[in-house]
Amino acid sequence: MSGDDELRRLLRATRAYAEAVEARFPNEILAVLDELGLSSIFHEHFSAQVPDEEIWWQSVSPVRGEFDLKNRERVLVTDAVNTLLKKFGQDPVLRETFGIAADAKVSFDDFLDGQWCGYETPDMDSPEPVLHVMYEAPHRLTPGQLETGLDGENVIELSHVMDRSHQTGDAFLSESRRLAAAVITRLYAAMIEKGVRFGYLDTGEVKVFLRIGQDPSRVEYFLAIPSRDVEVEGDAEPRLHLTSVAPVFAFTILALQSPVIDESWIVASLALGKWDVACDVVLEEIPEMDRQKPCHKAHGLKKDNEFYRQSPFPTRAKDFQSMDEYPYCTHECLRGLTFGGSLDEKCPNAKDHGTEHIGRQEFLRLIGKQIEAYPRINAQCFPLSASGSVGSLFKIRLLSHGYTLVAKAFYRSDRGAMCHEEEMYNILRDLQGDYIPVCPGHVVLSRGMYCSHYERTYFKHFLFLSYGGRSVLHALPKVEEAITNQILTALAQLHKHRVLHHDAELRNILYDERTGKCMMVDLERSESCTETEIQSHDLVSKRDDVHFAAEAKSLLASLTSVKAC
């Protein structure tokens, strides 16, 4: 019997086994695995995976939390799936069978608290997410809890997930259902925010696969325990396709085959609101003895794996604080970040920055990944209810290093305006932190961030700035002579650097109560008047001087008018 015939026989046998024990494996997954069994490359890989996994399970260090777990599962699972995806792309028969474009690139990548799988073709600007992975430390969720809590139909009505009115007399059963519902709902919320219909929860011991239906208020799920399902007992056939890699790979293929999400689905999902379920709260409400009680359905796990559920310290931070509780970084702090320099000891967030600043490019990389990880507004990126002709303002904090500043978000079509404004900040580098905010740079998201707070709801580009304060018209009861002089001096400094603001109105002047300084902002219309033609140097200078004088006169008139009120 050939290797391919052997694998097909194993798959058929396992399907019968799964149905017999009500394993609830979706028929689609098994159908994908049947098709994959026609190719020898997958048989070879799955056969080699069992000893490889066993070596890793015996030798790697303990899992202390989600970070350790993600690193381990990357080596054991998603790196292997990436390898299979490359082999898949080299097989024209499989590509045609599953309808995957020959020039498509598919891979798993890390983000803030999990992983995502993206699909990209040459005509696309950036990868399109199709699958979301969430990791949960295994000491927080045992196989018994998940198997008990998810025992039943494979469809969840999300409006009932946290309903405690149907509790039974079995405390472990009732609380397991609550805990499983909390975890599933958190994964569901992350999938909705990513705009994907496929995702799975991974504890290292258990995987719970989710698929959101055409009705986004309903999800289908199934549970797999690879360490149990892949075991070989006596003369029993090895269930190779139930290793950690095989179902994840098949699930990924299903996600790639799923129809493109349409606008009606997005609208329906957004109408559901945000699902905030604190798993920590549910865990605290469950007595320790009830949480550790073995489930009657849970199969015994190898003693070598007991360290999976032993965590010597907390692994998840408390819920994010309100952004109001985080002060903005100082201008000097962000100058050090942007241009290189020492930490500002006066910065209220200095203790979170470490012993020295990270590099500017590293800052942009990290904060871009953070926004991508939470593509709706949240506790780390909060709207400031301020926007101009282009651009809307957010308060944002880089969680990993504590940098807290302003993000000016631009719509996709406003990229030119953003790039021009950043260029103006670069030209005025010497003035940053004194007369204009400090500008560390910008990021471009692969997907837009959604925010219904502003008229324009999807933002693609983010320009980062130090906090310059509030509008001078709102921050001060009246504009005193000293403030007038500060404002005119700020404009004069722009003119000294041969830059016309072109919108030097009081609405674009901020007053910072921390420093008592005024700053000019909104440089997207500004113009650099640097002479480019030597032969007309005098003529150009005289012409520009006229414009500079006119702009200063106009601003002075506005200030005089305000003082007269």
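The values are calculated or read from the model by the stated rules, or taken from the named source; none is laboratory data. What you are looking at is a predicted structure, and each value in this text was computed from that prediction instead of being measured. Glycine also receives a Cβ, built like all others from the backbone with ideal geometry; neighbour counts cover every protein chain displayed.
Looking at Asp110, is it assigned to a loop (DSSP other than H, G, I, E, B) and either basic (Lys, Arg) or farther than 19 Å from Ser258 by Cβ (or both)? Reasoning before the result, please.
On the way: assigned to a loop (DSSP other than H, G, I, E, B): no; either basic (Lys, Arg) or farther than 19 Å from Ser258 by Cβ (or both): yes.
No, not satisfied.
Mind listing just one residue for me: the one in the stretch 224-262 that is modelled with pLDDT of 65 or more and part of a loop (DSSP other than H, G, I, E, B) and, of those, nearest to Gly149 (Cα to Cα)?
Residue satisfying both the conditions and the ranking: Ile225.
Here is a check on your reading of the model: is Arg415 part of a helix (DSSP H, G or I), of a type in the set (D, E, K, R) and either more than 26 Å from Val472 (Cα to Cα) or within 26 Å of the chain's Cα centre (by Cα) (or both)? Before the answer, list the steps.
Details: part of a helix (DSSP H, G or I): yes; of a type in the set (D, E, K, R): yes; either more than 26 Å from Val472 (Cα to Cα) or within 26 Å of the chain's Cα centre (by Cα) (or both): yes.
Considered against the rule, which asks whether it is part of a helix (DSSP H, G or I), of a type in the set (D, E, K, R) and either more than 26 Å from Val472 (Cα to Cα) or within 26 Å of the chain's Cα centre (by Cα) (or both), Arg415 comes out as yes.
Residues are listed down the side, and each one gets a yes or a no for (1) free of Cβ contacts under 8 Å to residues at least 40 places away in the same chain; (2) not small (Gly, Ala, Ser):
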{"position": "Gly354", "(1), (2)": "no, no"}
{"position": "Leu366", "(1), (2)": "yes, yes"}
{"position": "Thr404", "(1), (2)": "no, yes"}
{"position": "Lys408", "(1), (2)": "no, yes"}
{"position": "Asp414", "(1), (2)": "no, yes"}
{"position": "Met418", "(1), (2)": "no, yes"}
{"position": "Asn426", "(1), (2)": "yes, yes"}
{"position": "Asp430", "(1), (2)": "no, yes"}
{"position": "Pro440", "(1), (2)": "no, yes"}
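Within the stretch 455-495, how many residues are part of a strand (DSSP E or B) and either buried (at least 19 other Cβ atoms within 10 Å of the Cβ) or in contact with a Pro (Cβ under 9 Å, 6 or more places away or on another chain) (or both)?
To start, the set of residues in the stretch 455-495 that are part of a strand (DSSP E or B) comprises 458-465, 470-471.
Applying the additional criterion that residues be either buried (at least 19 other Cβ atoms within 10 Å of the Cβ) or in contact with a Pro (Cβ under 9 Å, 6 or more places away or on another chain) (or both) yields 459-465.
Residues in the stretch 455-495 being part of a strand (DSSP E or B) and either buried (at least 19 other Cβ atoms within 10 Å of the Cβ) or in contact with a Pro (Cβ under 9 Å, 6 or more places away or on another chain) (or both): 7 in total.
If Phe363 satisfies every condition in (1) among the aromatic types (Phe, Trp, Tyr); (2) modelled with pLDDT of 80 or more; (3) assigned to a loop (DSSP other than H, G, I, E, B) but one, which is the exception?
Only one criterion is unmet by Phe363, namely (3).
Among the numbered conditions (1) surrounded by fewer than 14 Cβ atoms within 10 Å (Cβ to Cβ); (2) among the acidic types (Asp, Glu); (3) over 24 Å from the mean Cα position of the chain (by Cα), tell me where Asp125 comes up short.
(3)
Only one residue in Tyr454, Tyr435, Tyr425, Tyr467 is of a type in the set (Ser, Thr, Tyr) and in contact with an Asp or Glu (Cβ under 9 Å, 6 or more places away or on another chain), so which one is that? Steps first, please.
Values: Tyr454 fails: in contact with an Asp or Glu (Cβ under 9 Å, 6 or more places away or on another chain); Tyr435 fails: in contact with an Asp or Glu (Cβ under 9 Å, 6 or more places away or on another chain); Tyr425 fails: in contact with an Asp or Glu (Cβ under 9 Å, 6 or more places away or on another chain).
On inspection, the qualifying residue turns out to be Tyr467.
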